[in-house]
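Just below is one structure, and these are the notes that go with it.
We did not get these values from a lab; they are worked out from the coordinates using the rules stated. All values derive from a computational prediction rather than experimental measurement. Methodologically, a virtual Cβ is constructed for each residue, glycine included, from the backbone with ideal geometry; neighbour enumeration extends over all protein chains shown.
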Amino acid sequence: MSKTYEYVPEPALVKGNHDFKDITAMITDINIRPTPKGWYVAFGIANMLLLLLLGSIGYLVWEGTGIWGLNSPVGWGWAIINFVWWVGIGHAGTLISAILFLFRQGWRTAINRFAEAMTIFAVMCAGIFPAIHVGRIWVVYWMFPLPNQMLMWPNFNSPLLWDVFAVSTYFTVSLLFWYVGLVPDLATVRDRIKSKIGKMAYGVFALGWRGSNRHWWNYEKSYMILAGLATPLVLSVHTIVSFDFAVSIIPGWHTTIFPPYFVAGAVFSGFAMVLSLMIICRKIYGLEDIMTIDHMEKMNIVVLVTGTMVGFAYIMEQFIAWYSGVEYEKFIFMMRAAGPYAWAYWIMFACNVFSPQFFWSKKLRRNVTFTFIISIIVNIGMWFERFVITVTSLSTDFLPSSWGYYSPTIWDVATYVGTFGLFFTFFLLFLRFLPMVAVAELKGVMPQADPHNYDEDGEFVPPKVEVPEPYKNQTNQ
Amino acid sequence: MASTSPKITDSLQFPDNLDVTKTFYGFGAVGLIASGVGYFLNAEQFFFSYLTSFAFFTSIGLASLILLMIHHITRSSWGVVIRRIPEAFASNLWIWSIFIIPILLGMHSLYHWTHADYVAQDPILAGKTAYLNTPFFVIRQFIYFGIWGFLGYKLHKISVDMDKTNDWGLMELLKKLSAPGILIFAITIAFASFDWLMSLDPHWFSTMFGIYYFAMSFQALFPILILIIFWMHKKGILENTIQKSHIYDLGAWFFGFTIFYAYIAFSQFLLIYYANIPEETLWFYHRLEGSWAYVSYSLIICRFAIPFIVLLNRDTKHNHKVLISVSILVIAMHIIELYWIVMPTLHHHGVSISWLDFTTLIGLGGIFMGLFFQRLKKHKLVPVNDPNLPDSLHKTYHQ
Amino acid sequence: MDKKHSDKTIYGILAEFKNPRELTDASKTIVESGYRNFDTFSPFPIHGIDKAMNLNKSKLGWIVAGHGLLGLLGGVALIYFTMVVDYPMNISGKSLINVPAWIPVLFELTVLLSAFGAVFGMFFLNGLPKFNHPLFDSENFKKATDDGFFVCIESEDPQFEEEKVSKFLKDAGATNIETIYEE
C-alpha cells in the first residue's frame, strides 16, 4: 500500500481532568445558582411567541379552520406539515436514548437527557395540530374510544386513529423514560440545594432515591427494558404517521417505502435539532468538556447517513414511479420536480441530500459554526419535504379541472411560529430547573467508574492505549 | 486496563485434520451435476429452483458484507472475535459471481419481459424497456458483482494484512472503505433485488422491495453465524475465544433483526392490502391462493412469532439447544420465503415441490460453504492485531 | 456516640469507601462473612457489583411481560367489542375482523402497558417512593448522590452487633463509620 493511515484512538467521553465531584458541580450548579439575566430575556421572548400561539388558536376556535389557507383540492396544509415536522424532530430524543443505549454507544450520555427533553416538548408542539385542526375542538374527545352521545366508536381501521394511539403512547413512554432517567439526578440536586423550597420540590420528585445498589439493580433492568420498548416504538410512531399518507391511493403518497423513509427523515431532522440546541447550550453553559467536538462529529455522521438514506428514498420513489408504468404516479413525480412546486422540491433536495454531504470532510464535521448552519438548513429542508409530500400530491390530483395552488395565510404562519414559543418556553424551564446532562449515567461511563481501573492500593489507573509499531517487512506472524 | 489484558488461549489455526472443504465441494459437485441433469428434463423448473437457491446464498454473502461495513464504521468491539466468519463469506463474492451465469442463460424462461412479442402487446411493459431489457440486465449484474466483489475482497484482504503488519492505521482504511461502501451497497442491493426477484412479475412494483430483501437476508445471517460458531465449538475451535457473551450478543442481534424484518414485511403488506389497488394487490393475491396461503401464514408464525417469543426471554439466548432449533427454523424460513417470492410465477395455483429445489440448494450450498471454509482455513481465525480485540475478549455482560 | 441517641434503636452502621473498586471488594468481604441485611450506595450503578453483593435476578421482566400481555389482550377486547360487536360497519369492503389494520393500535397498547409495568414495577420493587429514611439523617450520606461510596449493614442482620460490625468495616478499609438510628 502506498498510502499509510494514522490510527485514531477512540476519544475520551469526558474531556479535561474531571472527577465525579466536578461533574456533579458542573451540571447541577446550573440548577442551584440564581437565575442568570439572559435567561429571563430568552424566556420573555419565548413567552411572547407562546402568546402568539394561544392567540392564533383562540381565533381558530372562534372562527374555524377557514382562517387557514386550505382549499379544495388541498385539504391538508400546514397543520399536518407542522405536525409531521415536530413529531419527526421528537424522534431523535428517544432514538439517542434507546437505540444508542441498546448498541452500548457510551457517547449518548452527554446528550440523551437533553434530547429526551426536546422530544417531549416537540411532541407537545406536534400534538397541538391534530387537536386543533378538527374544527370543533370541543368534541375532540371523539377521537378516543369513549362512550358518547352518538353511541358511536372511533374507527380502528383508520390510520388517523392509529395516530392518536401512537402519538399519545409515544408521549407517555418518552415522558416515563425521561423521568426514570431523571430520578437519580433529582436526588443529587436535592442533596446539594440549600433552599428549603428547592429541597422540598426536588425531594418530592426524587421519590426518596438514595443510590442503593439493590435499587440500581432493578433500575438498570427497567431502563434496559424501557429502551427495548422505546426502540420499536420510535419506529412505529413515524411509521404510523407515514401510514396517514401511504394507505391512501393518492399518487405520490401510496408507496411502500414510506415507513422506513419517514423514520430515516425523522431521525435526520431530530439529530439536526439536537445539534442546533446543543451547540448553543454547550457554549452558554460552558459544557464543552462534556458535549465535546467528538460528540458533535458522531452526530454529524448520523446526520450524513440518514440524510443519504433520505436521498436514497427520493431516488427510489422517482425510479419506481417511472418503473410502475402508472400514469398518475409518473405525472405526480414529474410535477414535483418540474411543476408549480418545483422550487420547494429543489429546496428540499438541496437541503436534505446535498447539504449533509459536506460532512464527508472530517474538518467540516468538527467545525462548530459550520455544523450549526447545516443543522438549521437540514431542518428547513425537512419542513419542505413534508410540504412537498402533502401539497404537491393534493394540488394536482386525478381530476385536472379541480387542480389548485395552495398558499398559507398569516394564521398558518402565526400558529407555526407560535409553536416555537411553546417549545422554547418549556425548554428554557428545563434548562433552568433540571439537570441537562444525565449526571449519574455520565459518571457511569467515565473510566473512574470501572472497578477494574484501580490498582491494589485503590489508586486510579487510567486505561491506556498504546499504538503498536507496525512490523517491518515481516510476512510471517 | 490495569488488570492483565485477556489472552487468546485457543489455537488460531483451523485444524488441518478437519477436511470439510472437500466434503462440501463433493456435495456441491453432486448437487450441481444432478441439477444439470434436471435442466435437460425440465429446464423451466431448473431455472426457477436455481434462482431461489442463488438468491439464498448470495443473500448470506451480502448480509455479511453489510455487517462488516457497519462493524467498521461504528468501530464496534463486540464482534471482533467472530469477524473472520463474515469476512470469509464476503470475500468470496467475486468468485461467487460466476454462478449468476445460469440465470443470465435462463432469462428467457425466468422473466416474461424478455419476450419481445409479449412486451409489444403490453403498453405498460413496453414503457419499461429502457430498464428491463436483456443487455442492460446483464451489464447491471456485472456492476453489482464488481462492486460487491471488490468490497468483500478488500475488506478481508486489509483485515488479514493487519494480522501480518500490525499496522493499526489500516483500521482507518477499513473505515474509509466502508463509509461510501454502505451507500453503494444500499443502492446495488435494491436494484439487484428488483432485477432478480421483483421483475419476475414485471407489472408489480414496491419501492420497499430492496429494503425487504435486505431485512430478510440480515435476519438470516445471525442464525447462520450462530450455527457455524456452535459447530466450531463442537470441533474444539475457538472454544475459549468466542464466549457465551458473544453468542448472547448474536442472539440479541438475531432478535432485533427479527423484529426489523417483521416490521418491513408487515409494512409492505399492510400498505398494499389496505389500498387494494389491482396492479399491486395481485402479487399478494397469488400468494394467498391455494396452498400458497399456508406458506404465507407459516411465514408469520415461523419466521416472526416463534423466534420472537423464544428469543424474548434472556435465558433462551444462553440455551444452546433452543438457540440452535430457532436458528435452523429461521434459515429454513428464509429459503421458504424466497421460494414463496419466486415460485408463484411458475406455479400459480399452489405449491409444487420439485427435486430440483433440493439439488440446486445442495449444489450451490456445497460450493458456497466449500469456498467459505477454504477461505477461513487460510488465515488466522481471529484478527489478532485488531485494536478492539482485547475489549472484545473482555466482554462479560450481566444483562 | 451521641448521648441523645442512646435510647433509640439502631438502624445500622454506615461506612464510606473511597472508590468503586473498594466498594466492590468490601461487598465481597461482607457477603463472605455471612452478612445478609446490608446495602451499598453509589452515585451510579457499578459494573459487576451485583455479583459481589450476590443479588438475585430481577423479577421485573415478568412484571413487564404480564403488563404487555394485558395491553395486548385489552386492546383486542376493546377493538373487537367496538368494531365487531357493538357497531359493526363495512369499511372499504374489508372483513369485520380486519386484523392487519388492528395491529398498529394493538402494538401501541402493548408497548404502553409494558412501559407502565417497567416503570411502576421498578418503583414497586424498590419500595419507592419513600421520602423518609433513617439514612437521610446522616449529613455525610449526602455524598452518595455525588461522589461517595457507602455500605450500610443493617441491625436486622442476625449477626449484627454494633461494635463488631464497626470494627469489621474498619478492617475492610472504611472511613467515616457512623451509627444510624431509627426515627
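Could you run the Karplus curve 6.51 cos²θ - 1.76 cosθ + 1.60 with θ = phi - 60° over the stretch B:202-213 and give me ³J(HN,Hα) per residue in whole Hz, x for Gly and Pro?
Karplus values, whole Hz, x for Gly and Pro: x, 7, 7, 8, 8, 4, 8, 4, x, 5, 4, 5.
Could you check the spin-label model distance between B:H233 and B:A305? Points 7 Å from the Cα along Cα→Cβ, value in nm.
3.0
Provide the per-residue ³J(HN,Hα) series for the stretch A:236-252, in order, calculated from phi with Karplus coefficients 6.51, -1.76, 1.60 and θ = phi - 60°, each as a whole number of Hz, with x at glycine and proline positions.
Each residue of the stretch A:236-252 in turn: 5, 5, 6, 4, 5, 4, 5, 4, 3, 8, 6, 6, 6, 10, 6, x, x Hz.
For A:S72 and A:A201, what is the calculated FRET efficiency with R₀ set at 56 Å and r taken between the beta-carbons, to the nearest 0.05?
The pair A:S72/A:A201 has a calculated efficiency of 0.60.
If I take the Cα coordinates of the stretch B:268-318 and project them onto the principal axes, what are the three extents in Å, biggest first?
47, 23, 10
Suppose each label sits 7 Å from its Cα in the direction of the beta carbon; what would the B:S296-A:N47 distance come out to in nanometres?
6.1
Please state, as a whole number in µm²/s, the translational diffusion coefficient that the Stokes-Einstein equation yields for the stretch C:60-125 at 4 °C and 1.567 mPa s, with Rh defined as the Kirkwood radius across alpha carbon pairs.
For these conditions, the coefficient is 101 µm²/s.
Relative contact order, percent, of chain B when contacts are C-alpha pairs under 8 Å separated by at least 6 residues?
Averaging sequence separation for qualifying contacts and normalising by length gives 36 percent for chain B.
Can you compute the radius of gyration and Dmax for chain A, using only the Cα atoms, both in Å?
In order Rg, Dmax, the Cα atoms of chain A give 24.7, 86 Å.
For a 19 Å ceiling on Cα separation, which of these pairs sit above it: A:K330/B:K128; A:K194/C:K18; A:K37/A:K283; B:K22/B:K378; C:K18/C:K143; A:K362/B:K175?
A:K194/C:K18
So, in nm, how far is label A:D457 from label A:R366 when the simple model puts each one 7 Å beyond its Cα toward the Cβ?
Here the answer is 3.6 nm between the modelled labels.
Counting pairs of alpha carbon atoms under 8 Å apart in space and at least six apart in sequence, what relative contact order in percent does the stretch A:328-411 give?
32
Place the peptides A:80-91, C:102-113 in order of packing, highest mean first, counting for every residue the other Cβ atoms within 10 Å and averaging per peptide.
Peptide ranking by packing, descending: A:80-91, C:102-113.
Take every Cα pair under 8 Å in chain A that's 6+ residues apart, average their separations, divide by the length, and report that relative contact order as a whole percent.
Value for chain A: 30 percent.
Rounded to whole Å and ordered largest first, report the semi-axes of the equivalent ellipsoid of chain C derived from its Cα gyration tensor (root of 5λ).
Semi-axes, largest first: 52, 17, 13 Å.
Could you give the alpha-carbon Rg of the stretch B:151-225 over 2.2 N^0.38 Å, rounded to two decimals?
This ratio for the stretch B:151-225 stands at 1.46.
Tell me whether the stretch B:129-253 comes out rounded, prolate or oblate; compute the Cα gyration tensor, take square roots of the eigenvalues as a ≥ b ≥ c, and use a/c under 1.5 as the rounded threshold.
Cα axes put the stretch B:129-253 in the oblate bin.
Of the listed peptides B:220-228, A:452-460, A:156-164, what is their order by residue-averaged count of other C-beta atoms within 10 Å, with the highest listed first?
With the highest mean Cβ count within 10 Å placed first, the list reads B:220-228, A:156-164, A:452-460.
Taking every residue in A:255-266, how many Cβ atoms of other protein chains lie within 10 Å of its Cβ, on average?
Mean partner shielding for this stretch: 5.
Specify the angular offset, from 0 to 90 degrees and rounded to the nearest 10, of the alpha carbon long axis of helix C:99-126 from the longest principal axis of the alpha carbons in chain C.
For C:99-126 against chain C, the angle is about 20 degrees.
Out of residues 5 or more away from C:G12 or on other chains, whose amide H comes under 5 Å of its own, with H placed 1.01 Å from N in the peptide plane?
The answer is C:S155, C:I180.
Under 5 Å between amide hydrogens, which residues at least 5 positions from C:F38 or on another chain qualify, with H placed 1.01 Å from N in the peptide plane?
C:E154
Starting from the Cα of B:K244, draw a straight line to each of the aspartates and glutamates and keep only those under 13 Å, dropping any in the same chain fewer than 8 residues away.
Within reach: B:D315.
What's the ranking of B:14-25, A:203-214, C:150-161 by average number of surrounding C-beta atoms within 10 Å, highest first?
Packing order, densest peptide first, comes out as A:203-214, C:150-161, B:14-25.
Quick check for you: which residues of the stretch C:92-116 have the amide N under 12 Å from the point 7 Å beyond the Cα of B:T281 toward its beta carbon?
C:92-95
Tell me the mean residue ellipticity at 222 nm calculated for chain B from its helices only (DSSP H runs of n ≥ 4, each -39500 (n - 2.57), averaged over every residue, nearest 500).
-23000 deg cm²/dmol, from helical runs alone.
Tell me the net charge near A:K362. Cut-off is 13 Å between Cβ atoms, A:K362 excluded, with +1 for each Lys or Arg and -1 for each Asp or Glu.
It works out to a net charge of +2.
So, R0 is 41 Å and r is the distance between the beta-carbons of C:F120 and C:E163; what FRET efficiency does that work out to, to 0.05?
0.50
Give me the inter-chain shielding for A:224-236: mean count of other chain Cβ atoms within 10 Å, whole number please.
Average per residue, whole number: 6.
Around C:F149, which amide H atoms from residues at least 5 apart in sequence, or from another chain, sit under 5 Å from its own amide H, with H modelled in the peptide plane?
Under 5 Å from the amide H of C:F149 lie the amide H atoms of C:F17, each far enough along the sequence or on another chain.
Return the FRET efficiency for the residue pair A:E327, B:D117: r is the Cβ-Cβ distance, R0 is 35 Å, and the value is rounded to the nearest 0.05.
E between A:E327 and B:D117, to the nearest 0.05, is 0.90.
Tell me, in nm to one decimal, what length is gained between C:K8 and C:S95 on full extension, where the rule is 0.36 nm per residue of separation less the Cα-Cα distance?
Between C:K8 and C:S95, full extension yields an extra 24.1 nm.
Mind checking A:440-453 for the average number of partner chain beta-carbons within 10 Å of each residue's beta-carbon?
For peptide A:440-453, the averaged partner shielding equals 5.
Compute the orientation-averaged projected area for the stretch A:276-429 from the convex hull of its Cα atoms and round it to one decimal in nm².
Mean orientational projected area (the stretch A:276-429, Cα hull): 11.2 nm².
Scan the stretch B:277-307 for GluC sites (Glu not before Pro) in coil per DSSP, keeping those whose Cβ has at most 14 other Cβ atoms within 10 Å, and list them by number.
Filter output for the stretch B:277-307: B:E289.
With a ≥ b ≥ c taken as the square roots of the eigenvalues of the C-alpha gyration tensor of the protein assembly as shown, please select rounded if a/c is under 1.5 and otherwise prolate if a/b is larger than b/c or oblate if it is not?
It is oblate, given that a/c is not under 1.5 and a/b is not larger than b/c.
Taking θ = phi - 60°, what integer Hz values does the Karplus form 6.51 cos²θ - 1.76 cosθ + 1.60 yield along the stretch B:23-28, in sequence order, with x for Gly and Pro?
Couplings: 4, 5, 4, x, 4, x Hz.
By the gyration tensor of its Cα atoms, with a ≥ b ≥ c the square roots of the eigenvalues, what is the shape of the stretch A:301-342: rounded for a/c under 1.5, prolate for a/b over b/c, or oblate?
oblate
Could you tell me how far the Cα centroid of the stretch B:252-287 sits from the Cα centroid of the stretch B:156-198, in Å?
Taking the Cα centre of each part, the stretch B:156-198 and the stretch B:252-287 sit 29 Å apart.
Computed from the mean reciprocal separation of all distinct C-alpha pairs, what Kirkwood hydrodynamic radius does chain B have, in Å?
When all Cα pairs of chain B are included, the Kirkwood radius is 22.1 Å.
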